[in-house]
Structures are given as structure tokens and as C-alpha cells.
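Visitor: For reference, the structure I am asking about is given below.
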Amino acid sequence: MTWSKARAAQVHWAALTVPERVDRLRPALRMLADRIDEFADTVHRDNGKPRVEALAHDLGNSLTHMRWLFDSAADLLGPTPVPLSVLPNRRATVHRVPWGAVLIIGPWNVPLFIPLSEVMPALVAGNAVVLKPSEVTPASARIIEEILGACDLPEGLFQLIQGDGSVGARLIAEGPDKVMFTGSVATGRKVMAACAAHPIPCTLELGGIDAMVVCEDADLEYAASAAAWGATFNGGQVCASVERLLVHSSIRDVFLERLVDQLERIDPTRDLGPITFAGQRAVYEAHLADARERGLEVPIGGQFLDDSRLAPTLVAGEGVLDSSVWNEETFGPVVAMTAFDTDDDAVRLHNTVSCGLTASVFTTDLGRGRRMARRLRAGLVSLNDIGATLYGQPELPWGGVGTSGFGRSHGANGLVDCTWPQVIEESRLGAMEPKRPWWYPYSADQEDLLREFALAHAADGKRQTVKRLASAGRAAATLFTRTPRR
Ligand code: NDP
């Protein structure tokens, strides 16, 4: 029922032009803006994050992304003419076709913006959308339902289906046309396996273990302040939060001191979001126990402040590279630190973990920073800012490599990925066509023609190309004289 309703609505929706769809969706942007404080309260209550984070990360990002999407979609989704080098007498156009009815499955950590940043492009591109948000944060998803309820959309075009993971699994089993999933690596594997059974395409936005590289020439006070925020905002429950610090050995001790100072200044009741999903506490406990067993230094933190808050925690020392905090996503206010001697070391240490979503390099030598950035295996790298900031930039493709998943949300890539490319090709010369020389009947003359034609495209330089084409022309003349082709 869910999918038949969605598909019926999608047929009408896809028949509209992109600007018409955007116009129908504008009231959603208006309502979100008009009720920004009320909705920020909802997200704050739903997820527990500080209100300022709900306002900036969920509401602010949603508004800026929708504005960019509405302004850019028509250009990005328009048909693209493609010149044909092998068949210059013909012309082709690539059209973007919506998938149909897509399933979007979201997590609880940024419960409004993450699903909305996929729902809106999918709708603008002409799809129907079924959203299965995390059962942990149902109220934030209801905001999406409410703002889309203010738009003139065909009934069933957007459907919110609340429920736990089994509901997500059932919806995939029912066979949507595409799945866009954001969540953990473990669930991502199940989602991909379920999609493979149909098969249907999926994009996977999975976890990250962001690393921040601090070079000896960096502004250390600024870098420490960035690290403290990057590791702990949203209670550290961010796929792009700083979980690893690679610090040049010559500044290791002084940087550690400044970072501890910055972490000490965090006021847990004002600044630090609580553990949103109780199950996450077990991960923190396991990672801290592992650090203790390895005899690692914990210069600050390491203990729970109450049932729902872990103190901002720094883990360092010999053996940290083998620890869970270094190699697995903690998804909490915990950061691990190690030292490097050369840029090559930093790159190698960065690239040893299996995921690669975001990273950053802090240095006053931008040339050095850029060179290092190009070698880091991560989807987004920031110089002198933390990678998570890039999540708020609507123009940029968001996504990672390795166990961070594949496919992109946001930006032109995210929007275009809400469609599949359809090629339509035709003659430049009108409807009547001669029979093709590569059709039946096969002959030696035909072979000559096709060989010369292929070699013309592999020839070195213009002269050789012209020679081969002339030879192909002669072969064509022979072929057409000996074997009239109709
Ligand atoms: P989960 O993987 O636990 O859940 C994600 C979503 O999948 C939830 O809606 C969940 O439902 C649903 N789900 C669970 N089991 C299934 C199943 N078998 N089939 C279909 N859907 C299912 O992730 P979290 O919600 O805990 O989110 C945290 C994770 O998300 C972290 O690893 C984080 O790094 C990652 N993340 C990645 C981002 C990125 O852009 N790369 C952004 C944000 C987070 P329910 O919650 O109701 O059980």
C-alpha cells in the first residue's frame, strides 16, 4: 500500500517541471523559517542536544540547503546535449529521470537536517519519498511531515513511517526504487544486503573516525579550541566529529596542555549534549575499558558525570594506535591523540583506518596543507577548520570512502544522484536513415571499412587520422558498390 500510493503520486509529480516542483515546495521553507525557534525547541527536546546546536545544525543547515537547492535545481537537472565523436551525424541528450519511489532511512544524531537534506532533493528531482526516521527521535521527523503538509503535493508523495529497525527492513523488502541510508556501518551492511536481494541501488552514509592533523607551524591556541569543539559538540555524536588527533611530535606536549585547558572550560550542563541513545553508553564503556587495559594516558575525562553524560575525554600515550578509540567510531566526546614526525608519517597514520569521511589539517603553510590534504583518504578535508563544518555547505558533495560508505548527499552530486541518466539519441539529418554499414550481411569489405574507421580514431595526429578516414571512405565506397545495402 505504501509503495503503490507513493508510485501513483509520483507519476503526477514527475510530470511537473523542476521550477513547478520547487514552487510547490516553497511553503516548506517559509514555515521552517517562520517557526525556527519552536522547531529548534522540538529538536532540542527530541534529541537532547543544546538548543544552540539544534538551531544551527538542524534548522540553520536545513534552511541554507533548501535555499541553495531551490535556486540551483533547474540548472542541475536540465537536459545535457552530448556531442558524439564516433557518430558526428547524430546527436544525443542526457535527461535526468527520477528513480520513482525512494526510501530514506535516517539516524538520531542530527534528526531534522540529515533526513531533510535528502528528502528535499529527492522530491525536487521528481521522486516520491518514504521516510523512516530513527525511532529514537520521532518528533524531529514530524517537523518534516508538518512543513511538507503545508505544500500542495499529490497525496502519498511524502509518507512518514515511524518505527524501529524492523520497519526499515520491511520497507526495503517491499522493494522501493532506491534506498538512501544514513547510519552505522553495521546497519549499512544489512541495508546493502537487503537491497542486493532485489537488486535496488542504495547510497550509504556511514560512520567516520575523523582525524585532525596539527602541524608544528599551526596556531596552537586556535587548533586546540577547534579540536575541543570538534570532538565534543553534539556530545561527540557526529559522524564527522574529531576522534583522532595527529600532532607533530615537537609540539605534542604543549598542544596536549592547551587542549586539556580547552576541554576543562566546557560546561557540561550548558555545552555538552547528553547521550541521546542509551545504547551508546555501552560503546563508551567498552572503549574506555580497552584504553585502561592498554595502560593509556587519560589526561582529562574518562568518567561519566551522570547517567547521560560522559566527561570530555582525551586518550593518549604509547599503544593508542592499537586501541578501540583510535580504530573504531566511539561516537561520543572522546578523542585519541598520537604524535607524528614527518608529513609522510601523518598521512600514513591517517590512512590506516578503514573509513574516510572527513579530516582536517592545521598549518600556517597552506601549500603544505593542500599537499597533505590531497593524500588523506577522506571524502572531505578542511584546512584550518574541522571537517564537520563542511556538512553545512550546501554546494559540497557529502560522503566518504571505505567503510564510510558510498554515494553522495548534498550539492550537485547529491541532487543528480536522486535521478538516473537516460540517453536519447537521434539523427541530425531527419527521420530517414541509410542502413548501417555494420549491419548484416557481414563481408570482408565491411571488415575493411570498420577496421580503417576504428584505426582512424587511434591514429597519431591529424594527418594520420585524415589518411585513415580517407581509407575508410574508400572501403565504404567499395562496400556500398558491391553490396547494395537496404
Ligand atoms: P543505526 O545504524 O543504528 O540506525 C540508522 C537507521 O537505520 C535508523 O533509522 C534505524 O532504525 C534504522 N535501521 C536499523 N536496523 C535496520 C535494518 N535492519 N534495516 C533498515 N533500517 C534499519 O545508526 P544510528 O541511528 O545509531 O546513527 C549513528 C550512526 O550513523 C553512526 O555510526 C554515525 O557515524 C552514522 N552517521 C553517518 C552520517 C554520514 O553522513 N556519513 C551522518 C550521521 C550519522 P532505529 O533507530 O529506529 O532502530
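Visitor: Using a 10 Å cut-off on Cβ atoms, rank the peptides 434-441, 47-54, 262-269 from the highest mean neighbour count down.
Guide: 47-54, 262-269, 434-441
Visitor: Pairing the Cα long axis of helix 113-124 with the longest principal axis of the chain, what angle in degrees results, from 0 to 90 and rounded to the nearest 10?
Guide: Computed tilt is about 20 degrees.
Visitor: Amide H of LEU160: which non-local residues (sequence gap of 5 or more, or other chain) have their own amide H closer than 5 Å, using H built in the peptide plane?
Guide: Sorted by chain and number, the residues that satisfy this are LEU131.
Visitor: Compute the long axis of helix 220-232 from its Cα atoms, compare it with the longest principal axis of the Cα atoms of the chain, and write down the angle in degrees, 0 to 90, nearest 10.
Guide: Long axis of 220-232 versus the principal axis of the chain: about 80 degrees.
Visitor: Multiply the residue gap between SER354 and LYS467 by 0.36 nm, knock off their C-alpha separation, and tell me the result in nm, one decimal place.
Guide: Between SER354 and LYS467, full extension yields an extra 35.5 nm.
Visitor: Now, a different point. I'd like the orientation of helix 138-149 relative to the chain: the angle between its Cα long axis and the longest Cα principal axis, in ° from 0 to 90, rounded to 10.
Guide: 40
Visitor: Still on this model: Each residue of region 331-346 in order: what ³J(HN,Hα) in whole Hz does its phi give by Karplus 6.51 cos²θ - 1.76 cosθ + 1.60, θ = phi - 60°, with x for Gly and Pro?
Guide: Going residue by residue, I get 6, x, x, 10, 9, 10, 10, 9, 10, 10, 9, 10, 4, 4, 4, 4 Hz, with x marking Gly and Pro.
Visitor: Please list, in order along region 419-427, the HN-Hα scalar couplings obtained from phi with the Karplus expression 6.51 cos²θ - 1.76 cosθ + 1.60 (θ = phi - 60°), rounded to whole Hz, x for Gly and Pro.
Guide: 9, 10, x, 10, 9, 10, 10, 8, 6
Visitor: Counting other beta carbons within 10 Å of each residue's own, what order do LEU357, LEU153, LEU204 fall into, fewest first?
Guide: The order, fewest Cβ neighbours first, is LEU153, LEU204, LEU357.
Visitor: Okay, next question. Cross-link list LYS5/LYS178; LYS49/LYS178; LYS5/LYS49: which exceed 25 angstrom alpha carbon to alpha carbon?
Guide: Listed pairs above 25 Å: LYS49/LYS178; LYS5/LYS49.
Visitor: Among THR2, VAL214, PRO83, whose Cα lies farthest out toward the positive end of the dipole of the chain, if unit charges sit on the beta carbon of Lys, Arg (+1) and Asp, Glu (-1)?
Guide: Highest projection toward the positive end goes to PRO83.
Visitor: If pairing requires two Cys Cβ atoms under 4.7 Å apart, which cysteines of the chain are left without a partner?
Guide: CYS151, CYS215, CYS239, CYS355, CYS418 - these cysteines have no disulfide-compatible partner (Cβ-Cβ under 4.7 Å) in the chain.
Visitor: Determine the calculated [θ] at 222 nm for the chain from helices alone, applying -39500 (n - 2.57) to every DSSP H run no shorter than 4 residues and normalising by the residue count; nearest 500 deg cm²/dmol.
Guide: After summing the helix terms and dividing by residue count, I get -13500 deg cm²/dmol.
Visitor: Another one. For ARG270, ARG370, what ranking results if the residue with the fewest other Cβ atoms within 10 Å of its Cβ goes first?
Guide: ARG270, ARG370
Visitor: For the chain, max minus min Cα coordinate along each principal axis, in Å, sorted largest first?
Guide: Principal-axis extents of the chain (Cα, largest first): 90, 56, 37 Å.
Visitor: Mind checking the alpha-carbon convex hull of region 434-482 and giving the volume per residue in Å³?
Guide: Here the figure is 67 Å³ per residue.
Visitor: Sticking with this one: Each residue of region 26-40 in order: what ³J(HN,Hα) in whole Hz does its phi give by Karplus 6.51 cos²θ - 1.76 cosθ + 1.60, θ = phi - 60°, with x for Gly and Pro?
Guide: 4, x, 5, 5, 4, 5, 4, 5, 5, 10, 4, 6, 4, 5, 4
Visitor: Turning to a different aspect of this structure: Taking the number of other C-beta atoms within 10 Å as the exposure measure, put ASP417, ASP58 in order starting with the fewest.
Guide: Ranking ASP417, ASP58 by Cβ neighbours within 10 Å, fewest first, gives ASP417, ASP58.
All of the numbers you see were taken from the coordinates with simple rules; none came from a lab. Predicted model, so just to flag it, every value in this text is computed and none were measured. No Cβ is skipped: glycine too gets one built from the backbone with ideal geometry, and neighbour counts run over all protein chains shown.
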